[in-house]
Each structure stands twice: as structure tokens, then as C-alpha cells.
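The values are calculated or read from the model by the stated rules, or taken from the named source; none is laboratory data. What you are looking at is a predicted structure, and each value in this text was computed from that prediction instead of being measured. Cβ placement follows ideal geometry from the backbone for every residue including glycine, while neighbour counts extend to all protein chains displayed. Note: areas computed on protein heavy atoms with side chains; ligands, DNA, RNA excluded. Shrake-Rupley method; radii C 1.70, N 1.55, O 1.52, S 1.80 Å.
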Amino acid sequence: MRIKDHPILSFPEGKTVEFSFEGKTFIGKEGEPIAAALHDAGIRVLRHSPRHNRPRGFFCAIGNCSSCLMVVNGEPNVKVCVTPLRQGMKVEYQKGKGDINAAD
Amino acid sequence: MRQTDLAIIGAGPAGLAAALEASRAGARVILLERDDWLGGQLVKQTHQFFGSKNEFAGMRGVDIATHFSEQIEKDENIQVFTGATALGFYEDGVLTAACAGRMIKIKPRTLLVASGAMEKMIPFENNDLPGVYGAGAVQTLMNVYGVAPGKKVLMVGAGNIGLIVSYQLIQAGIEVEAIIEGASHVGGYWVHASKIRRMGVPILTNHTILKARGQEKVEGALITRIDENWQPVPGEEREVSVDTVCLAVGLSPLAELLWQAGCEMEFSPQLGGYVPIRDSNLETTEEGIYIAGDVAGIEEATSAILEGQLAGISAARKMDYRIEEEKVEEIKANLETLRAGPVGEHIRQGLANVER
Ligand SMILES: Cc1cc2nc3c(=O)[nH]c(=O)nc-3n(C[C@H](O)[C@H](O)[C@H](O)COP(=O)(O)OP(=O)(O)OC[C@H]3O[C@@H](n4cnc5c(N)ncnc54)[C@H](O)[C@@H]3O)c2cc1C
Ligand code: FES
């Protein structure tokens, strides 16, 4: 959900880009963190913990905590809270600790 | 390999102030910042700054960040790398950083770590559910990117950060169900607290969170009154219906690089966790490695700026650049004034144990 009216801040319109998450197409703003675009689309679960399979969202949003690791364009363990969104990005859930050999 | 006089890790208020000060003395500076912009925590802060004894008191954090960045960009002695994460500092004096998918190596004559802090977590059931967010994360999401963290928020912690972020949530049109605080009193400034109470948000002291509810994401929370030993009072439990739990329970210094560089560390409850031992010029036990800002002890932006100036000028002096000794005394006196009085007492206590 985007914040529309704000008494102090104005948010630059930004260029709208398309990306895919788990095969479905979504839109977001170019350059914002992937996690922000996903959150706007109502997606809060970003991964499941490798051992206990617990759902995880972001926590710190500054790249410190590794709560938000996903597979982006085939590359695993990407911190989506600090990775800028680009046109055509392919974002997926990661299985376990991520497999580098799976990268296309 | 890049050579420089001073490498600075982190471009929050501390790192920015240090860069300007060292450059003024003639030193060449490389400034590394993990984010794509300069300003650190300041960028998220839309409120007018608390604190009165300094030139920035009436400004918003985000404007202070712009003010500094403009000066840095004009400064020919300072080379800035954004999107650059410092990775390690090694025995041979080489600093490595990841920047745009590549590794850069820097050999600085002196190093300043101004990496700031990270949010603390508290133990409760389901504290790992999506929707349990740090206050800094909530601020980043809503104030930098304009995305609402949720519809209804439970704020945990009534220090200044909890109060300010609550206010910012309300400004952004998001409901704050309540602010809960374990202690028997509000830790933040009364002006902030009364402003929030006037907006109809209850501040429940002697309260904590026991559980977050939900399977895949937060759908509610169980809170309770606690006694003076922080034990739940039977029969005083209550469900709240929220989709976000925001934790504003303090910060701890982001000191990994200092551990790795071999600096002697000491646990300081007053300063927020493990911090490096330092001398009165902010040099650590490793010669030529300096610290400033939240990584040296959790305080606030004005002290981060002053510490940055002190570390920057001290590093320049170490390398025999000409500096004005009066300036050093002036900065130290300003820091002392800032930490005077009852508000600064815990900081003074903390520093007494880590300054050698
Ligand atoms: C919600 C909130 C409200 C606040 N309100 C106020 C207020 O009203 N008044 C006030 O005085 N203070 C306030 N503060 C506190 C103030 O913002 C901090 O004390 C101050 O920003 C500390 O400055 P710093 O430079 O040490 O750290 P930071 O501002 O945290 O900057 C550290 C920088 O280092 C970067 N970094 C970290 N690790 C690396 C690495 N390995 N490589 C490269 N870069 C790295 C980070 O990305 C960051 O930009 C508030 C803080 C918060 C969280
Ligand atoms: S949310 Fe902490 S690293 Fe991304």
C-alpha cells in the first residue's frame, strides 16, 4: 500500500517497472528496494527459514539481518531490502540455503 | 589498490562530519557508504530534531543530511563511493569493500569506522513472524519509499524513537493501536509523549508483549501488564488486533569490523552493547583506527556529528597535517556540554568505563 497524502513528505513519482515474483507479474518503482515493491503488493513473507521452515519477512531493512534472502534473476541469497528493483527482474522464493548451481 | 590518508566506513552524520573536518586539514579522504545515498539514519527523519544547544536543533534530519552531502560533493579532497559495503580490514592495513558487484581494495593511512547501529530484538513467541519490524525498517519503508508498513501497528517501546516513529505513522495515515513500555515511565521526551496522547494513542507503561499471533504473518498480539520485576501480572493479559508489531527497544553498535580489526572491546550497558576501548581523541587500541557516532556508543545525531569532527581532526593530526588545537578543545567542550546534566548521566557512566 502506497502512502498518498503526507503532510511533510512528497514521494517522487518514479518510473514504473514490471517484475515477476514466483511467476506472477507485479509493478513497482524503479530503484526502490525489491522488498518495498513486494510489500506494496501485499507480500510479506519473503522466505522460509532453512531449518524450521518458519515464514520470514524483512526486519531491519538496511541489509544487516539476512531475514530477507531471496533468489533474484537466478542468484540466491540476495538481500531484497537493499537491492534496487529493475525492469524485468525475476524474483523467487529460495529453498533452504540457496543453490548457486541453480543460477541460469 | 587505492591509497588515501583516511578511509571512512559509513556516511551517517558521524562519517560525513569526519570527512569534512579531515579534508579541511588537508587530508585526502575516501568515504564508503553501503546505501546508495549519504546521510545514514538522518535521511529517514522527518521530524524536527530534538536537542537545543546546536545549530541543527530546528532542522529536520533529512535536511541536515542534504546540507552535509552538498558540502561533501563540492569537496575535492573527498572521494565518495556509495553502494559500497566495507567487508574487512586486514593485518597488512588493507581495507576491502564490495562495490557494484566488484571488490575494491584500499590502503588508507588511517581508518575511521562510523558504521552506526542496528536494531535490538526482544524475546517473545513468534517474534520472527513477518510483520514484526524494527522501528528503523518501518521508518525506511514509509519515509524513504512511501510504502505503508501495515494498517494498524502496535509500538513496543516508548523511548524517543518509539514516540517519534508512532507520530510519523499517524502522519502517514496509519493507525497506532497503542504504545507499550516495560518500564514504569515514558523514556522519551514529554513533549513527544503528550503530542501522541493528544492524538488519542494510549501509552501503556508497565506493559510488554508476550506473543505475536498469526501463521504466515502478524494478525494480532497478546500483551500484558508486568510488575516491577518485569513479571506478567496474572489476569492482566489482553489481545490487540494489529497487523504490524514495531520494535523500538533500542539499538546496539554495529561493531563487527572493529572486532575483526582486533580492537579491544568492552561490554557497556549504558552505551548499548559491545563498544571499542578508545582514548580521548576516539582512537581505538589499534593505532590509526578511529571510531565515531553510534558505533562508539548509542547516543544521538548531534553527538555523532561532534564525535565525527573530533575523529576526523585527530586522524589528520596523527598524519601530521596542521590543525588548530583550539578547534579540538572546542569540539571536546561541546561534547561535554551536550552530555552534561541528568539526561547525559548514563552516557558519562558508560564512557568512564571505556575511555583510557
Ligand atoms: C527512529 C530514529 C529517530 C531518531 N531521532 C533523532 C533525533 O530526533 N535527534 C537526534 O539527535 N538523533 C536521533 N536519532 C539518532 C541518530 O539518528 C543517530 O544517533 C545518528 O544517526 C548516528 O549517526 P552515525 O553516523 O553514527 O550512524 P548512522 O546514521 O547509522 O550511519 C551509519 C552509516 O554507516 C553505513 N554502514 C554501516 N556498515 C557499513 C559497511 N560495512 N560499509 C559501508 N557502510 C556501512 C550505514 O549504511 C549508515 O549509512 C534517531 C534515530 C532513529 C533510529
Ligand atoms: S531485512 Fe535485514 S537484511 Fe534485509
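Some observations on this one:
- If you go through segment B:194-249 and keep only what is open to solvent by 40 Å² or more (accessible area, probe 1.4 Å), over 28 Å from the mean Cα position of the chain (by Cα) and hydrophobic (A, V, I, L, M, F, W, C), you end up with just B:Val233.
Residues checked against (1) open to solvent by 30 Å² or more (accessible area, probe 1.4 Å); (2) more than 13 Å from chain B (Cβ to nearest Cβ):
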| residue | (1), (2) |
| --- | --- |
| A:Glu32 | no, no |
| A:Asp40 | yes, no |
| A:Arg47 | no, no |
| A:Leu69 | no, yes |
| A:Lys79 | yes, no |
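- Residue match in segment B:267-282 (condition: without any contact (Cβ under 8 Å) to a residue 12 or more places away in the chain, within 30 Å of B:Asn334 (Cα to Cα), open to solvent by 10 Å² or more (accessible area, probe 1.4 Å) and of a type outside the set (A, V, I, L, M)): yes
- Selection of first residues in segment B:1-16 that are surrounded by fewer than 24 Cβ atoms within 10 Å (Cβ to Cβ) and of second residues that are in a strand (DSSP E or B) and of a type in the set (Lys, Arg), restricted to Cβ pairs under 8 Å at least 6 apart or on distinct chains, gives the following pairs, ordered by first then second residue: B:Met1/B:Lys105; B:Met1/B:Lys107; B:Arg2/B:Lys105; B:Arg2/B:Lys107; B:Gln3/B:Lys107; B:Thr4/B:Lys107; B:Thr4/B:Arg109; B:Asp5/B:Arg109.
- Of the strands (runs of 3 or more DSSP E) lying entirely inside segment B:251-305, those containing at least 3 residues that are away from ligand 2 (no atom under 16 Å from the Cβ) are B:265-268, B:273-276, B:289-291.
- When residues in segment B:53-104 are screened for being more than 14 Å from chain A (Cβ to nearest Cβ), in a strand (DSSP E or B) and of a type in the set (A, V, I, L, M), 5 of them pass.
Each row is one residue, and each column tells you yes or no for (1) closer than 22 Å to B:Gly40 by Cα; (2) within 19 Å of the chain's Cα centre (by Cα); (3) open to solvent by 10 Å² or more (accessible area, probe 1.4 Å).
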| residue | (1), (2), (3) |
| --- | --- |
| B:Thr285 | no, no, yes |
| B:Ala296 | yes, yes, no |
| B:Gly308 | yes, yes, no |
| B:Lys327 | no, no, yes |
| B:Ala333 | no, no, yes |
| B:Val343 | no, yes, yes |
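- For segment A:6-28, a residue qualifies if it is within 24 Å of B:Ile174 (Cα to Cα) and at pLDDT below 95, and the qualifying residues are A:His6, A:Pro7, A:Ile8, A:Leu9, A:Ser10, A:Phe11, A:Pro12, A:Glu13, A:Gly14.
- For first residues located in segment A:1-30 and within 13 Å of another protein chain (Cβ to nearest Cβ) and surrounded by fewer than 16 Cβ atoms within 10 Å (Cβ to Cβ), partners that are in a loop (DSSP other than H, G, I, E, B) and of a type in the set (A, V, I, L, M, F, W, C) and lie 6+ apart or on another chain with Cβ distances below 7 Å form the pairs A:Met1/B:Ala148; A:Glu30/A:Leu85.
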